[in-house]
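Asks: This is the structure I have questions about; it appears just below.
Each reported figure results from applying straightforward, stated rules to the coordinates on display, with no laboratory input. All values reported here derive from a predicted model rather than from experimental measurement. Every residue, glycine among them, receives a Cβ derived from its backbone with ideal geometry; neighbour counts consider all protein chains shown.
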Amino acid sequence: MRPGRLPHIPARKVRAIVEATLHTTPLAATHWSTRTMADAQGVSEATVRRIWKQHGLKPHLSKTFKLSRDPQFVEKLHDVVGLYLNPPDKSLVLSVDEKSQIQALDRTQPGLPMKKGRCGTQTHDYKRHGTTTLFAALNLLDGNVIGDCLPRHRHQEFIRFLKKIDAETPSHLVLHLIVDTYGTHKHPRVKRWVRRHPRFHLHVIPTSSSWLNMVERWFRDLTDKRIRRGSFRNVRELMAAIDDYVHHHNLKPQVFTWTASAESIVAKVAKCKEALDALH
């Protein structure tokens, strides 16, 4: 049998469902489901689902955000985005950060392998075997990554990593390092080291703006492809897995390209602030 025609829903009922979805919540819940909305509006779940799809409404989803309150937000934004879009001649732009407290997790039981009709499985519980911190510098020109796993996350380790960058990059090039506001990067000894090595220039992103540091995108790939599903009996195995990932990435590096202008970002942030102010 061929399916029958879709039932006709009056326009006012469609508007009522859309308005209720956008501006109300059900009793004792934070958001509507197709069932609760169908009960409240006297229609079928399929009708609610169809109306939500037509109007791009997804009340079951939410995203987190945080607007930077850095008083120098615009100045720092222009500085960093300028390096991405128009890097200086005879220089390298490196996106630098630390992925701290990476845990060496060992599953309590072996998982089942993937087979036709069933995905692979892992036990939900695990044993902790310590942590490591990965210091990484993403070369925005060719996509190569300089990485080093260290046991702690202090200014001493950061200076050691700066020395590694110094040794592994052409000595005639000026280095522009994009870093976040973590205290380690602003430590007096770090500042003294940078002054003694004039080819190093540190550019600090605004507070609460980790999305502006391109190496975070590479960290996400590392987590998804090598760490999250991994099982490591000790920190040494974890470090070896990270080193192996860096090595294979550099054999065929992926270049991450920044496309958004500083002006477009400032406009979007202003629009978001305007919307938030309207709610209050």
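Asks: Rank by packing, highest mean first: peptides 145-157, 253-265, with packing defined as the count of other Cβ atoms within 10 Å averaged across residues.
Replies: Ranking, from highest mean packing down: 145-157, 253-265.
Asks: Across bins of 10 angstrom width beginning at 0, how are the C-alpha pair distances of region 100-147 distributed, in whole percent?
Replies: Result, from short to long distances: 21, 26, 25, 26, 2 percent.
Asks: Leaving out same-chain residues fewer than 8 places away, which aspartates and glutamates sit with a Cα under 18 Å from that of K127?
Replies: Straight-distance partners of K127: D106, E237.
Asks: Want the number for R152 to Y182: 0.36 nm per residue separation, take away the alpha-carbon distance, what's left?
Replies: This chain segment gains 9.4 nm when fully extended.
Asks: What nm distance separates the two modelled labels at D224 and R192, each placed 7 Å from Cα along Cα→Cβ?
Replies: 4.3 nm
Asks: Let me ask another. Just the ratio, please: alpha-carbon radius of gyration of the chain over 2.2 N^0.38 Å, N its number of residues.
Replies: Ratio of Cα Rg to 2.2 N^0.38 Å: 1.34.
Asks: For the pairs K186/K268; K63/K268; K58/K99; K99/K186, flag any whose C-alpha to C-alpha distance is greater than 23 Å.
Replies: Checking Cα-Cα distances, K186/K268; K58/K99 exceed 23 Å.
Asks: Taking the chain as a Gaussian network, where each spring joins two C-alpha atoms under 10 Å apart, which residue of V179, V235, V48 fluctuates the most?
Replies: Among V179, V235, V48, the largest mean-square fluctuation in the Gaussian network model of the chain belongs to V48.
Asks: Let me ask something else about it. When we measure straight from the Cα of K13, which aspartates and glutamates land under 16 angstrom away, once same-chain ones fewer than 8 places off are left out?
Replies: Within reach: D39, E45.
Asks: Using a simple charge model, +1 on the beta-carbon of Lys and Arg, -1 on the beta-carbon of Asp and Glu, nothing else, what dipole does region 139-211 show about its Cα centre, in debye to the nearest 20?
Replies: Dipole magnitude for region 139-211 comes out near 520 debye.
Asks: Taking every pair of distinct Cα atoms and averaging 1/r, then inverting, what Kirkwood hydrodynamic radius in Å comes out for region 31-141?
Replies: Over region 31-141, the inverse of the mean reciprocal pair distance is 20.8 Å.
Asks: Testing the spin-label approximation: label points 7 Å from Cα along Cα→Cβ at W211 and H129. State their distance in nm.
Replies: The answer from the label model is 3.7 nm.
Asks: With a point put 7 Å past each Cα toward its Cβ, work out how far V255 is from H31 in nm, to one decimal.
Replies: Each label point lies 7 Å from its Cα, and together they span 3.8 nm.
Asks: List the aspartates and glutamates whose alpha-carbon lies under 12 Å from that of K164, not counting same-chain residues fewer than 8 positions away?
Replies: Result set, ordered by chain and number: D148.
Asks: For the chain, what's the relative contact order in percent, using C-alpha pairs closer than 8 Å and at least 6 residues apart?
Replies: With pairs under 8 Å counted, the relative contact order is 21 percent.
Asks: Among G42, L134, P170, whose Cα lies farthest out toward the positive end of the dipole of the chain, if unit charges sit on the beta carbon of Lys, Arg (+1) and Asp, Glu (-1)?
Replies: Toward the positive end, the furthest listed residue is G42.
Asks: So which trypsin sites (Lys or Arg not before Pro) in region 7-94 pass both tests, a DSSP loop state and at most 16 other Cβ atoms within 10 Å of the Cβ?
Replies: K63, K66, R69, K90
Asks: Would you mind checking the tilt of helix 262-279 against the longest principal axis of the Cα atoms of the chain, expressed as 0 to 90 degrees and rounded to 10?
Replies: Between the helix axis and the principal axis of the chain, the angle is about 40 degrees.
Asks: Follow-up. Can you pull out the chymotrypsin sites (Phe, Trp or Tyr not before Pro) in region 26-67 that DSSP calls coil and that have at most 12 other Cβ atoms within 10 Å?
Replies: Of the chymotrypsin sites (Phe, Trp or Tyr not before Pro), the ones in loops of region 26-67 whose Cβ has at most 12 other Cβ atoms within 10 Å are F65.
Asks: To continue, here is another question. Among G120, G230, G56, which one shows the highest mean-square fluctuation when the chain is modelled as a Gaussian network with alpha-carbon springs under 10 Å?
Replies: For the chain, modelled as a Gaussian network with Cα springs under 10 Å, the answer is G56.
Asks: Counting Lys and Arg as +1 and Asp and Glu as -1, each charge on the Cβ, what is the dipole of the chain about the Cα centre in debye, to the nearest 20?
Replies: Result for the chain is approximately 860 debye, rounded to the nearest 20.
Asks: Here's something else I'd like to know. Taking the Cα atoms only, what angle lies between the long axis of helix 11-23 and the longest principal axis of the chain, rounded to 10 degrees?
Replies: 40 degrees
Asks: What does the helix-only formula give at 222 nm for the chain: each DSSP H stretch with n ≥ 4 adding -39500 (n - 2.57), the total divided by the residues, and the result rounded to the nearest 500 deg cm²/dmol?
Replies: -12500 deg cm²/dmol
Asks: I've got another one for you. Using the Cα centre of the chain as origin and beta-carbon charges of +1 (Lys, Arg) and -1 (Asp, Glu), tell me which of V269, I159, L85 is placed farthest towards the positive end of the dipole.
Replies: Result: V269.
Asks: Next up: For E237, put the label point 7 Å out on the Cα→Cβ axis and report which residues of region 87-105 keep their amide N under 20 Å from it.
Replies: Once the point is set 7 Å along Cα→Cβ of E237, 101-105 turn out to lie under 20 Å by backbone N, inside region 87-105.
Asks: Among 20-28, 170-178, how do they line up from the highest to the lowest mean number of other beta-carbon atoms within 10 Å?
Replies: Per-residue Cβ counts within 10 Å, averaged per peptide and sorted highest first, yield 170-178, 20-28.
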